[in-house]
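Working notes, beginning with the structure itself.
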Amino acid sequence: MSASTGHGVGNSHTVSEAHASVNPRRPLSPAVEHYLQAIYALTAERKVLIGARLAEHLRVSAPSVTQTLHRLERDGYVVLVDRGDRKEIQLTPSGNAIGEASTRKHRLIETWLVRDLKLSTTEAHEAAERLEAGFDELLLSRLFEALGQPLACPHGNPIPGWGVIDHEGGYLDRVQAGDSVVIGRITEEAEADLDLLTYLERNGIFPGVNLEIIAVDRRSGAVTARSERGTEIRIEGRSAALIYVRPIS
C-alpha cells in the first residue's frame with residue numbers, strides 16, 4: 001500500500017520536482033515522523049487530503065498544521081498542490097518512504113501488543129505510539145516473522161509492504177436498512193477517536209464481524225445495526241463514515 005502521489009498539480013511544483021530540490025536532511029523529530037505517518041495513512045485511505053482534515057485527525061489547530069506543512073514542504077517531504085479553493089497535501093517520494101515505514105512500525109507493534117500481550121485494541125493503539133522509537137528495522141523484521149507475517153493490524157488496516165488496502169467496499173455511512181455487511185477495517189481516522197474505539201470494542205465490533213443494518217437516520221446519519229452475536233449498536237453518522245465495510249451477498 002502506498003500513498004497517492006500521482007495527482008496532477010496546479011500552480012505548485014510537481015512531486016518529482018520538489019523531491020529533486022530538497023534541502024539537506026536534518027534528523028527527523030518524532031513530531032515530523034508523526035505528521036508524515038498521519039499523511040501517509042490518510043492519503044492511502046481517502047486519496048485526497050487537505051490541511052483541515054489533517055488538523056482534525058491530529059487534534060491540533062489549523063494554524064499549527066499550516067506552519068508544520070510549510071516546513072515539511074521546505075524540507076522536501078510534502079508538496080502543497082494549489083487546487084484554487086484548497087491546497088492538497090501530497091507526499092514526495094522521500095516523505096512517502098518515511099510515512100510508510102512509520103505506519104508499518106506502528107501497525108506491527110499494535111498487532112504484537114494485542115496478540116501476545118493481550119492489550120485491548122484501544123490500549124495497543126496508544127501504547128504503540130509510545131514504543132515506536134525503540135524499534136529498529138531488525139526488530140521489526142524479527143517481529144514480523146514471529147507474528148506469522150501478518151497482513152493487517154488488529155483494526156484491519158493493511159501493514160504497508162505486505163497488506164493491500166481494499167477499496168472494493170464502502171463506508172458504513174452509505175448503508176441502507178436491510179443491508180448485511182462485514183466490517184473490513186476501523187480506519188486510521190477512527191483509531192484517533194479513542195472513545196469510538198472503546199465503544200466498538202466493548203460491543204464486539206471488529207474486522208470480520210457481520211452486521212445487519214436495522215435503521216439509518218437520514219437526518220443525522222446515525223446507523224443502528226445488530227452484530228452476529230445479537231448486540232444492537234448505534235453509531236453516529238460521523239463515526240460511521242470512518243468504518244469501512246463490505247456487502248455480504
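The values are calculated or read from the model by the stated rules, or taken from the named source; none is laboratory data. These numbers were taken from a predicted model, which means no experiment stands behind them. Neighbour counts are summed over all protein chains in view; Cβ atoms, including those assigned to glycine, are modelled from backbone coordinates with ideal geometry. Surface accessibility is based on the protein's heavy atoms, side chains included, excluding ligands, DNA and RNA. Shrake-Rupley method; radii C 1.70, N 1.55, O 1.52, S 1.80 Å.
Given the structure, is T66 β-branched (V, I, T) and under 28 Å from E168 (Cβ atoms)? Reasoning before the result, please.
Values: β-branched (V, I, T): yes; under 28 Å from E168 (Cβ atoms): no.
Spelling it out, it is not the case that T66 is β-branched (V, I, T) and under 28 Å from E168 (Cβ atoms).
What pairs can you find where one residue is in the stretch 105-125 and over 17 Å from L139 (Cβ atoms), the other is of a type in the set (D, E, K, R) and surrounded by fewer than 20 Cβ atoms within 10 Å (Cβ to Cβ), and their Cβ atoms are less than 8 Å apart, with a gap of 6+ or different chains?
Going by the 8 Å Cβ cut-off, the qualifying pairs are S120/E201; T121/E201; T122/E201.
Looking only at the stretch 49-64, filter to residues that are among the hydrophobic types (A, V, I, L, M, F, W, C) and touching a Lys or Arg at 6+ places or on another chain (Cβ under 9 Å); which one of those is surrounded by the fewest Cβ atoms within 10 Å (Cβ to Cβ)?
First, the residues of the stretch 49-64 that are among the hydrophobic types (A, V, I, L, M, F, W, C): 49-50, 52, 54-55, 58, 60, 62.
Now drop any that are not touching a Lys or Arg at 6+ places or on another chain (Cβ under 9 Å), which leaves 50, 52.
Working: I50: 18, A52: 12.
The selected residue is A52.
Checking the condition surrounded by fewer than 17 Cβ atoms within 10 Å (Cβ to Cβ), in contact with a Gly (Cβ under 8 Å, 6 or more places away or on another chain), assigned to a loop (DSSP other than H, G, I, E, B) and of a type outside the set (S, T, N, Q), which residue from R219, R229 passes?
Details: R219 fails: in contact with a Gly (Cβ under 8 Å, 6 or more places away or on another chain).
Among R219, R229, only R229 is surrounded by fewer than 17 Cβ atoms within 10 Å (Cβ to Cβ), in contact with a Gly (Cβ under 8 Å, 6 or more places away or on another chain), assigned to a loop (DSSP other than H, G, I, E, B) and of a type outside the set (S, T, N, Q).
Does I109 count as under 17 Å from the mean Cα position of the chain (by Cα), within 19 Å of I243 (Cα to Cα) and crowded, with 19+ Cβ neighbours inside 10 Å? Break it down into steps so the answer makes sense when it comes.
On the way: under 17 Å from the mean Cα position of the chain (by Cα): yes; within 19 Å of I243 (Cα to Cα): no; crowded, with 19+ Cβ neighbours inside 10 Å: yes.
So I109 fails the test.
Restricting to the stretch 232-249, and then to whatever is among the hydrophobic types (A, V, I, L, M, F, W, C) and open to solvent by 10 Å² or more (accessible area, probe 1.4 Å), can you tell me which residue is nearest to E201 (Cα to Cα)?
The residue in question is L242.
Just checking, how many residues over the stretch 112-130 are loosely packed, with under 15 Cβ neighbours inside 10 Å and of a type in the set (A, V, I, L, M, F, W, C)?
Matching residues across the stretch 112-130 total 1.
Among (1) in contact with a Gly (Cβ under 9 Å, 6 or more places away or on another chain); (2) not in a loop (DSSP other than H, G, I, E, B), there is one condition L211 misses while meeting the rest; what is its number?
(1)
Determine which single condition L196 fails, assuming it passes every other condition in (1) closer than 18 Å to T121 by Cα; (2) without any contact (Cβ under 8 Å) to a residue 24 or more places away in the chain.
So the condition that L196 fails would be (2).
Determine whether L151 is under 24 Å from R59 (Cα atoms) and among the hydrophobic types (A, V, I, L, M, F, W, C).
Values: under 24 Å from R59 (Cα atoms): no; among the hydrophobic types (A, V, I, L, M, F, W, C): yes.
For L151, the condition - under 24 Å from R59 (Cα atoms) and among the hydrophobic types (A, V, I, L, M, F, W, C) - is not met.
Return a yes/no flag: does the stretch 29-39 have any residue that is outside any helix (DSSP H, G or I) and either open to solvent by less than 70 Å² (accessible area, probe 1.4 Å) or at pLDDT below 95 (or both). Working first, answer last.
Our first condition is that a residue be outside any helix (DSSP H, G or I); within the stretch 29-39, this holds for 29.
When the remaining residues are screened for being either open to solvent by less than 70 Å² (accessible area, probe 1.4 Å) or at pLDDT below 95 (or both), the result is 29.
Taking every residue of the stretch 29-39 in turn, at least one turns out to be outside any helix (DSSP H, G or I) and either open to solvent by less than 70 Å² (accessible area, probe 1.4 Å) or at pLDDT below 95 (or both).
Select from the stretch 65-104 the residues that are assigned to a helix (DSSP H, G or I), out of contact with any Leu (no Cβ under 6 Å at 6 or more places or on another chain) and more than 19 Å from A52 (Cβ to Cβ) and list them in ascending order.
R74, P93, S94, N96, A97, E100, A101, S102, T103, R104
Name every residue in the stretch 72-106 that is over 18 Å from the mean Cα position of the chain (by Cα), surrounded by 23 or more Cβ atoms within 10 Å (Cβ to Cβ) and of a type in the set (A, V, I, L, M, F, W, C), in order of residue number.
Listed by number, the list holds a single entry, V79.
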